[in-house]
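Report on the structure given below.
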Amino acid sequence: MTDAPLARELLHLHETRNATSLHGSEDALSFHTLRTTDLEAEYLRRNPDRVIDARRTRHGSRELSGQDA
């Protein structure tokens, strides 16, 4: 799978997560979780130098909210 289909598939999985968890069978949710985990791992493997938003880290989140301990 090339980068563009990988990104599309991840987006679709993230968009369908809530519906799957609320209305899917245990098998559907398990498969969804495995598929998401596999594709996220592949994305991270391909993009080790991606830009990390400080607000998406524990330290950055605490610092921005004034709760840095």
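The table below gives the values:
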read-out	value
Close pairs (7 angstrom Cβ cut-off, 6 or more residues apart or separate chains): under 12 Å from Thr37 (Cα atoms) in region 2-17, of a type in the set (Lys, Arg) and assigned to a helix (DSSP H, G or I) anywhere	Leu13/Arg35
Helices (runs of 4 or more DSSP H) fully within the chain counting 2 or more residues that are of a type outside the set (Asp, Glu) and at pLDDT 95 or above	3-23, 26-46
Residues satisfying the stated conditions in region 22-62, i.e. open to solvent by less than 60 Å² (accessible area, probe 1.4 Å), within 21 Å of Glu9 (Cβ to Cβ) and not β-branched (Val, Ile, Thr)	Gly24, Ala28, Leu29, His32, Leu39, Ala41, Glu42, Asn47
Residues within region 1-21 that are of a type in the set (Asp, Glu) and open to solvent by 60 Å² or more (accessible area, probe 1.4 Å), tallied	2
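The values are calculated or read from the model by the stated rules, or taken from the named source; none is laboratory data. What you see is a predicted model; the values in this text were computed from it and never measured. Virtual Cβ from ideal backbone geometry, glycine too; neighbours counted across all protein chains shown. These area figures cover heavy atoms from the full protein model, side chains too; ligands, DNA and RNA do not enter into them. Shrake-Rupley method; radii C 1.70, N 1.55, O 1.52, S 1.80 Å.
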